[in-house]
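Participant: Could you have a look at this structure, given as C-alpha cells, before my questions?
The values are calculated or read from the model by the stated rules, or taken from the named source; none is laboratory data. Please read all numbers here as calculations on a predicted model, not as lab measurements. Cβ placement follows ideal geometry from the backbone for every residue including glycine, while neighbour counts extend to all protein chains displayed.
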C-alpha cells in the first residue's frame with residue numbers, strides 16, 4: 001500500500017467495521033435466526049423453513065402485508081401527486097414563496113409519534129372532526145375510520161401524506177428549478193399552453209425525480225412503525241397492522257424471535273425487490289455516463 | 001388578478017397543513033370540560049396554560065408524575081452526544097471515502113449506501129445482542145452507539161458528496177504544503193464543510209430527536225426519550241384521557257425540531273435534497 | 001553548485017495499462033525557466049506532477065539538487081507549485097494561505113509572519129493580506145498562489161498552466177510579471193502550458209512533449225528556427241507552418257532535390273537518409289512567404305508558386321491569406337503579410353519563398369535539412 005493511503009484506510013476502519021458487522025453480518029444473523037426455533041432468546045436449533053411456513057400460515061402477517069401494499073400504493077401516489085402539485089404552484093412564481101414552502105415542509109420536522117397523536121385526536125369519533133361537523137348541522141356525517149377495521153389503514157395513509165408531501169414538494173421544486181428556463185421561453189414562443197408544457201415536457205423531464213421520491217417513500221413505507229403505533233396501535237384488532245410492527249412485536253414482546261426474524265427477512269426481501277433494480281440501474285448509469 | 005386562483009389554492013393547501021396543528025394548539029389551551037362538550041373547531045373561550053403546566057411538570061408517565069420535562073431532558077442527553085459522534089464519524093468517513101484511494105473504497109461506499117435502505121427491524125435484535133455484549137445495554141452509551149450506527153450512512157453520504165466536490169487541486173496544494181491526512185482534514189476540509197456540517201447537524205438533530213424505535217429498544221428504564229414517553233402518555237388506555245394535556249405534551253415534544261426547522265431555514269431543504277440525490 | 005538543478009533519468013509513468021510518460025531524460029540547469037509545452041494529453045502536466053511528487057513514477061529517477069527525490073514526499077522535495085485553479089484555501093486569509101505550509105512545518109508564528117510579509121512585499125500583496133481569496137481578482141489570486149510558493153523558499157518553482165484561467169488581457173500582464181519574478185528571484189522554474197506564445201515568451205528553454213515523449217529541447221528561437229521534426233515544426237509558430245508533400249528527385253552528399261508543385265527545390269541535407277523517389281514534406285512558415293508579381297524572379301535562392309486566394313483574414317497589423325494551389329495535396333496554404341493588405345478572393349496571387357527558409361522532413365517526420373545553416377541552391 002502506498003504510504004499516503006495508510007491514513008485514509010485507517011480512518012475507514014470504524015465505518016468499515018460498522019458497515020460489515022452492523023449491516024451485513026446482522027442481516028446474516030437475522031436470516032440464520034429465522035431458520036431456528038428461537039423464542040425468547042436466540043437458540044441455534046435449526047428447523048429449516050418452519051418459521052416461514054408459520055409466517056405464511058399466519059392471517060395476521062398477510063393482513064399486515066396487504067396493509068403495507070395498500071398503504072404503500074396510496075401513500076406514495078398521494079405524496080407524489082400532492083407534492084408535485086404544490087411544487088408546481090410554488091414554481092409559478094408566487095410572492096412569499098418561502099412562507100408557503102416553510103409551511104408545507106413543517107410536518108416533516110415532526111416525529112411520526114407526534115403526527116400519529118395529532119391525527120388520532122383529529123379522527124377521534126367522539127370528539128374530533130366527525131363530532132365537530134355534526135355540530136355544524138350535518139347530523140349524519142360519518143368520519144369514523146379510526147375505529148372501523150375496514151378503514152383504519154386509510155387513516156395511516158392520510159396522516160402519512162400530511163407529513164411527507166412536503167418532502168416530495170422539496171424534491172420536485174428542486175427538479176423544477178433545474179429545468180432550463182429556455183424551455184419555457186421556447187414553449188411560449190410556440191404558443192403551447194402552460195398545462196401542456198407541464199404534462200408533455202416538464203413531467204417527462206422530471207422522471208428521475210419521481211423515481212427518487214418514490215423509492216424514498218417506499219423505504220419509509222416498509223420501515224413504517226412509529227406512525228401506526230401512535231395512530232392506531234395496529235388496531236382495531238390487527239386491522240391496521242404493518243409488517244414492521246408485526247416483527248417488532250414478535251421479537252420484543254411475544255417471545256417469537258424466530259418468527260419475527262422470518263418476518264424481518266421478508267421485509268428485507270420486499271425492499272430488495274424494489275430498491276435493488278433501482279440501485280443497479282443507478283450504478284450502471286453512473287458507470288455508463 | 002390572474003394569479004388569484006394560484007394564491008387561493010396555495011392558501012387552502014397551507015391551511016390544510018396547518019389545520020391539525022392549530023387544532024392541537026387550541027385544544028391544549030382549553031379546559032377538559034370545554035373539550036368534552038364543545039366543538040373541535042371552536043376556539044378556546046377561556047385560554048388557559050394549565051394543561052401545558054401539567055404536561056411539562058405534573059403528568060404521570062410510567063409511574064413518575066413529574067411531567068414531560070424529565071423525558072425532555074433525557075432526549076437532550078441522548079441527542080447531544082449522539083449528534084457529536086455521528087457527525088464526527090460521518091465527516092471523517094466521508095472525507096476518507098471522497099479520496100477514493102482504491103476500488104474497495106468506492107465499494108465500501110456503495111455497501112454503506114445500501115445501509116440506508118435496511119429496515120431497522122432487520123438488524124435490531126442482533127444490535128441488542130451486540131450492545132449487551134459491549135455491556136452498554138440500557139445505558140446512554142448503548143443508545144448513542146445505536147444512533148451513530150443508524151445515522152452513519154446518511155451523514156457519510158452528505159459529507160462524502162460534498163468533499164468530492166472540493167477541487168482536487170486544493171488537496172494537492174495541502175500535500176505540497178506538507179499537510180497529512182488528518183491535518184488536511186482538520187485545517188482545510190472541515191472548515192470548508194461548515195455549511196454541510198450545519199445541514200447534517202439540523203437533519204441529524206431532527207432524526208435523533210424524533211426517533212422512537214431505538215429509544216424504545218435501547219434506553220434503560222427512566223431514560224427513554226420524549227417520543228417514547230409521549231406515546232405512553234397519549235396511548236395510555238387507563239383512566240380518564242386528558243386530551244388538553246396530551247396535546248400540550250405533543251406540542252412540547254415537537255417544539256425543538258420545529259424550532260430547529262424554522263430557524264435553520266434552507267439548510268433543512270438542502271439536506272433533504274442532498275440526501276435524496278445520491279451520488 | 002547543484003542547488004536548483006533538476007534531473008530526470010528515464011522517467012516513466014503509466015496509469016494501469018496506459019503509458020502516459022514513456023521515458024523522459026532531462027536536465028534543467030539552476031536558474032532556468034523551463035517550459036513544458038505540448039498538446040493536451042501529451043503528458044506535460046503528468047511530468048510536472050512527477051517532479052512535484054504528487055505522482056510517483058513507475059520507472060526512472062528524479063534528482064533535485066544533489067538529492068534523489070524519486071520517492072520523497074512532495075512537501076520535502078524543496079518544490080512549490082502554482083496550480084491552474086490557484087487552489088487557494090477559500091476559508092483562509094491571504095496571509096494564512098501563504099503561511100499554511102510553514103504552520104504545518106511547525107515554524108514559530110513570528111517567523112511565519114516575517115516570511116509572509118517579505119513575500120507579500122515582493123508581490124505587492126501587503127494591503128491584501130487580511131482578505132479572503134473570494135475578495136480578490138483573478139490576477140491577485142494568482143499572485144497569492146505565487147506568494148505561497150515564495151514563502152516556502154523552494155529550490156524549484158512549478159507552474160501548472162497558471163494563466164489559463166485568466167482572460168486574455170490579464171494573461172499578457174501576468175506573463176510579464178512571471179518573467180520579471182523569474183529575473184528577480186533567479187530560481188529554477190518549470191512551467192507547463194499548452195500555449196506556445198507563453199512558452200516562446202517566458203522560456204529559457206522549451207521542452208516540447210508529444211504522446212509521452214520529448215520531441216525536442218531547446219531555446220525558443222532555436223525551436224522556431226530549427227524544429228527537429230514535423231511535430232515541433234507544426235507546434236511552434238502561429239499560424240502553424242504550411243506543409244507540402246514533395247518527392248525526392250535526387251540526393252547528393254550535402255543536398256537534396258525535391259520536386260514540389262511543378263518546381264524543383266534544392267535543399268541542404270543533414271544526417272538523414274533520403275533516397276530518390278522517397279516522399280518528403282516541405283515546411284514553410286506563413287510569415288516567410290513574400291508576395292507580389294515576380295517577387296523572386298530570377299533569384300536562384302528562391303522559389304515561386306502561383307495560387308488562388310481562397311480566404312482573407314485582415315487583422316489590421318497583419319493580413320492572413322488562405323491560398324489554394326492547383327497541385328497542392330495539403331489543401332490550403334496560409335500566408336502571413338505584415339500590414340493591412342486588400343486582397344480579393346478568387347484572384348490569383350504569386351508567392352515566393354527563399355529556399356533558406358524552407359524546412360525539409362523525411363517520411364518519418366525528421367528534419368532533413370537545417371535551413372539557413374548551409375547554402376541551398378535551386379536546380
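Participant: Checking the condition farther than 30 Å from residue B:257 by Cβ, within 8 Å of chain B (Cβ to nearest Cβ), out of contact with any strand residue (DSSP E or B) (no Cβ under 6 Å at 6 or more places or on another chain) and surrounded by 15 or more Cβ atoms within 10 Å (Cβ to Cβ), which residue from A:18, A:33 passes?
Facilitator: None of the others qualify; the one that does is A:33.
Participant: Still on this structure, please answer the following. Out of (1) within 8 Å of chain B (Cβ to nearest Cβ); (2) free of Cβ contacts under 8 Å to residues at least 12 places away in the same chain; (3) in a helix (DSSP H, G or I), the odd one out for residue A:277 is which?
Facilitator: Residue A:277 satisfies every listed condition except (1).
Participant: Follow-up. Which condition number does residue C:62 fail, the rest of (1) more than 14 Å from chain B (Cβ to nearest Cβ); (2) outside any helix (DSSP H, G or I); (3) surrounded by fewer than 21 Cβ atoms within 10 Å (Cβ to Cβ) being met?
Facilitator: The single condition residue C:62 does not satisfy is (3).
Participant: Please tell me if residue B:229 is surrounded by 24 or more Cβ atoms within 10 Å (Cβ to Cβ), in contact with a strand residue (DSSP E or B) (Cβ under 6 Å, 6 or more places away or on another chain), more than 9 Å from every other protein chain (Cβ to nearest Cβ) and in a helix (DSSP H, G or I).
Facilitator: Criteria met by residue B:229.
Participant: If you go through the range A:183-240, how many residues are away from chain B (no Cβ under 14 Å), part of a helix (DSSP H, G or I) and either closer than 24 Å to residue A:145 by Cβ or touching a strand residue (DSSP E or B) at 6+ places or on another chain (Cβ under 8 Å) (or both)?
Facilitator: Going through the range A:183-240 one residue at a time, the tally reaches 0.
Participant: Within the range C:334-363, take every residue that is under 24 Å from the mean Cα position of the chain (by Cα) and over 18 Å from residue C:266 (Cα atoms) and give me the one that is surrounded by the most Cβ atoms within 10 Å (Cβ to Cβ).
Facilitator: This residue is C:335.
Participant: Does residue A:263 fit the bill of being over 24 Å from residue A:171 (Cβ atoms), more than 10 Å from every other protein chain (Cβ to nearest Cβ) and crowded, with 22+ Cβ neighbours inside 10 Å?
Facilitator: When the stated conditions are applied, residue A:263 does not pass them.
For every residue, the table says whether it meets (1) in a helix (DSSP H, G or I); (2) closer than 25 Å to residue B:157 by Cβ; (3) in contact (Cβ under 8 Å) with a residue 40 or more places away in the chain.
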| position | (1), (2), (3) |
| --- | --- |
| A:6 | yes, yes, no |
| A:9 | yes, yes, no |
| A:15 | yes, yes, no |
| A:24 | yes, yes, no |
| A:27 | yes, yes, yes |
| A:38 | no, no, yes |
| A:61 | yes, no, yes |
| A:69 | yes, no, no |
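Participant: Looking at the range B:58-79, is at least one residue closer than 29 Å to residue A:93 by Cβ, surrounded by fewer than 18 Cβ atoms within 10 Å (Cβ to Cβ) and more than 10 Å from chain A (Cβ to nearest Cβ)?
Facilitator: no
Participant: Here is a check on your reading of the model: is residue B:84 more than 11 Å from every other protein chain (Cβ to nearest Cβ), touching a residue at least 40 places away in the same chain (Cβ under 8 Å) and either crowded, with 19+ Cβ neighbours inside 10 Å or closer than 27 Å to residue B:222 by Cβ (or both)?
Facilitator: Against the criterion (more than 11 Å from every other protein chain (Cβ to nearest Cβ), touching a residue at least 40 places away in the same chain (Cβ under 8 Å) and either crowded, with 19+ Cβ neighbours inside 10 Å or closer than 27 Å to residue B:222 by Cβ (or both)), residue B:84 does not qualify.
Participant: With B:179, B:183, B:200 as the choices, which residue is part of a helix (DSSP H, G or I) and buried (at least 22 other Cβ atoms within 10 Å of the Cβ)?
Facilitator: On inspection, the qualifying residue turns out to be B:200.
Participant: Now for a separate question. Name the residues in the range B:26-49 that are surrounded by 17 or more Cβ atoms within 10 Å (Cβ to Cβ) and not in a loop (DSSP other than H, G, I, E, B), would you?
Facilitator: Residues satisfying the conditions are B:26, B:27, B:28, B:34, B:35.
Participant: Hey, another quick one. Scan the range B:84-103 residue by residue and report those that are at pLDDT below 90 and in a helix (DSSP H, G or I).
Facilitator: The one that is at pLDDT below 90 and in a helix (DSSP H, G or I): B:103.
Participant: Out of curiosity, is residue B:131 under 30 Å from residue A:7 (Cβ atoms), out of contact with any strand residue (DSSP E or B) (no Cβ under 9 Å at 6 or more places or on another chain) and either more than 13 Å from chain A (Cβ to nearest Cβ) or assigned to a helix (DSSP H, G or I) (or both)?
Facilitator: It is true that residue B:131 is under 30 Å from residue A:7 (Cβ atoms), out of contact with any strand residue (DSSP E or B) (no Cβ under 9 Å at 6 or more places or on another chain) and either more than 13 Å from chain A (Cβ to nearest Cβ) or assigned to a helix (DSSP H, G or I) (or both).
Participant: Of the residues A:249, A:256, which single one is under 30 Å from residue B:217 (Cβ atoms) and either at the interface with another protein chain (Cβ under 10 Å from one of its Cβ atoms) or in contact (Cβ under 8 Å) with a residue 40 or more places away in the chain (or both)?
Facilitator: From the options A:249, A:256, the qualifying one is A:256.
Participant: May I ask you to list the residues in the range A:90-101 that are assigned to a helix (DSSP H, G or I), without any contact (Cβ under 8 Å) to a residue 24 or more places away in the chain and surrounded by fewer than 21 Cβ atoms within 10 Å (Cβ to Cβ)?
Facilitator: A:97, A:98, A:99
To keep it simple, each residue is scored yes or no on (1) within 12 Å of chain B (Cβ to nearest Cβ); (2) under 27 Å from residue A:226 (Cβ atoms); (3) modelled with pLDDT of 90 or more; (4) surrounded by fewer than 19 Cβ atoms within 10 Å (Cβ to Cβ).
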| residue | (1), (2), (3), (4) |
| --- | --- |
| A:24 | yes, yes, yes, yes |
| A:28 | yes, yes, yes, yes |
| A:39 | no, yes, no, yes |
| A:44 | no, no, no, yes |
| A:61 | no, yes, yes, no |
| A:72 | no, yes, yes, no |
| A:77 | no, yes, yes, yes |
| A:107 | yes, yes, yes, no |
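Participant: With (1) free of Cβ contacts under 8 Å to residues at least 12 places away in the same chain; (2) assigned to a helix (DSSP H, G or I); (3) over 30 Å from residue B:251 (Cα atoms); (4) more than 7 Å from every other protein chain (Cβ to nearest Cβ) as the list, and residue B:122 as the residue in question, which single condition is left unmet?
Facilitator: Every listed condition holds for residue B:122 apart from (4).
Participant: Within the range C:86-94, is there a residue that is at pLDDT below 90 and within 13 Å of another protein chain (Cβ to nearest Cβ)?
Facilitator: Yes, there is a match, as at least one residue in the range C:86-94 is at pLDDT below 90 and within 13 Å of another protein chain (Cβ to nearest Cβ).
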